[in-house]
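Structure record follows, encoded as structure tokens.
Nothing in this text is a laboratory measurement; each read-out follows from the coordinates by a stated rule. Note that the structure is predicted; figures quoted are calculated from it, not measured. Cβ atoms come from the backbone with ideal geometry, glycine included; neighbour counts cover every protein chain shown.
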Ligand code: THU
């Protein structure tokens, strides 16, 4: 069981590494995310933009897709890292994508200045859609 109040250093470092791989030539806004799946394996992702803007993929979605593509179906915690003055707040689509797999996961929104904002997925998306 993870301590939901403490920023996991390994996830922070994985999110920082993913941040270096962000492909964001259009917005210039680089994001890295890393999550710990139920097995303990860490999956990471970066935002990947496209000349056809609507095809851009957020870092959180990249990380969740990597987890699900590996056959895992839930995660306990996720770190979202930027170098912006305020940690990035996940967009509505990312909230729903995280909600699909991990309503009670802890979400650490962090930046390079040491600001840490802890949430839960359910707290970010009250009443998220379920089938
Ligand atoms: N972005 C993310 O990857 N995650 C967030 O939490 C906020 C926004 C990306 C999408 C786009 O590539 C860029 O940041 C600017 O919106």
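With the convex hull of its Cα atoms as the shape, region 49-114 has an orientation-averaged projected area of 5.1 nm². Sorting 94, 58 by the number of Cβ atoms found within 10 Å of their own Cβ, with the fewest placed first, yields 58, 94.
Counting each DSSP H run of 4 or more residues in the chain as -39500 (n - 2.57), what helix-only mean residue ellipticity at 222 nm follows after dividing by all residues, to the nearest 500 deg cm²/dmol? List each step's numbers first, then the result.
On the way: 4 runs with 37 residues, N = 131.
After summing the helix terms and dividing by residue count, I get -8000 deg cm²/dmol.
Considering all different alpha carbon pairs of region 1-56, the Kirkwood hydrodynamic radius works out to 12.3 Å.
Note on region 1-102: Cα-Cα pairs beyond 22 Å make up 24% of the total pair count. Mean separation of Cα pairs under 8 Å and 6 or more residues apart, divided by the residue count, gives the chain a relative contact order of 20 percent.
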